[in-house]
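What follows is calculated from the coordinates using simple rules that are stated; it is not laboratory data. Quantities reported herein were computed from a predicted structural model and do not represent experimental measurements. All Cβ positions, even for glycine, are placed from backbone atoms using ideal geometry, and neighbour counts span all protein chains on display.
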Amino acid sequence: MDGYIHSTESFGTVDGPGVRFVIFMQGCPMRCKYCHNPDTWAPNTGEVRSANSLIDEYMRNAAYYSKGGITVTGGEPLMQIDFLLELFSLAKEKGIHTCIDTSGVTYHPGESVYNEKLEKLIGLTDLIMLDIKHMDRDAHKNLTAQDNSGILAFAKYLSEKNVPVWIRHVVVPDITDDEAQLSKLGEFIASLKNVKALDVLPYHVMGKSKYEKLGIPYRLEDTPPATQEEARKAREIILSAFRKARTVSQA
Ligand code: SF4
């Protein structure tokens with residue numbers, strides 16, 4: 001089966017454990033104001049690649065990935081769930097560690113056909129990296145053009161299925177760094193039983209030139225990048241609320 005692929009990276013070190021073969025999938029329904037990959041938004045474009053050809057490419061460098069594996073990211077990889085099912089089935093036949101980096105936006109609790117496929121896919125997935133962009137519904141919609149209810153439901157679904165998850169949150173000054181919202185995120189993570197790590201990343205402007213090339217207005221023109229120190233402080237607020245919520249629930 002073929003998938004629409006934006007690009008691949010042979011030696012990824014930030015998209016899951018170890019050195020990884022990273023596949024950037026084409027297509028995303030979110031429109032995050034801080035997205036640094038707007039060139040992945042359009043679906044059904046990019047390079048057409050078969051699942052087999054990607055596994056073959058991985059196998060040619062397999063020795064480098066002994067502590068890593070394959071990560072699919074994007075764009076939103078779960079938009080091409082049929083392709084992922086084939087790719088990860090082939091990967092598992094070869095004993096490859098598999099990871100999906102997702103916003104969770106494609107999940108809707110009532111969609112039985114999609115969710116049946118999702119259930120099969122998570123059976124082939126070792127790790128999910130889930131971006132939670134904002135806890136407030138309206139602020140989330142303003143930031144990403146999408147509601148967060150399905151995303152939070154997806155996080156709970158993964159918890160019920162006990163799929164290992166790393167949570168990611170991007171700190172954007174004056175948009176996603178509000179203390180009350182960060183605390184809410186910590187409390188939400190505390191309610192999940194499958195979270196193995198928390199990555200809090202500072203917003204950067206490295207994707208800005210892509211917007212100019214694509215002729216898309218850059219909507220954070222007046223927002224400065226976040227510093228490592230701001231990201232560290234935000235992480236501390238999230239973790240403090242997490243610990244407090246866990247202490248209360250265990251009392
Ligand atoms: S979900 Fe990811 S790829 Fe999609 S718009 Fe947001 S940051 Fe960009």
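Observations on the structure shown:
- Of the strands (runs of 3 or more DSSP E) lying entirely inside the stretch 1-120, those containing at least 1 residues that are in contact with a Cys (Cβ under 6 Å, 6 or more places away or on another chain) span 69-73.
- Qualifying position, being more than 19 Å from residue 24 (Cβ to Cβ), more than 16 Å from the ligand (Cβ to nearest atom) and either among the aromatic types (Phe, Trp, Tyr) or buried (at least 20 other Cβ atoms within 10 Å of the Cβ) (or both), among 124, 143, 118: 118
- Counting residues in the stretch 189-198 that are part of a helix (DSSP H, G or I) and touching a Lys or Arg at 6+ places or on another chain (Cβ under 8 Å) gives one or more.
- Against the test of being surrounded by 13 or more Cβ atoms within 10 Å (Cβ to Cβ) and either within 16 Å of the ligand (Cβ to nearest atom) or on the phi > 0 side of the Ramachandran plot (or both), the options 70, 100 yield a single qualifying residue, 100.
- Every condition in (1) away from the ligand (no atom under 16 Å from the Cβ); (2) within 22 Å of residue 126 (Cα to Cα); (3) touching an Asp or Glu at 6+ places or on another chain (Cβ under 8 Å) holds for residue 48 except the one numbered (2).
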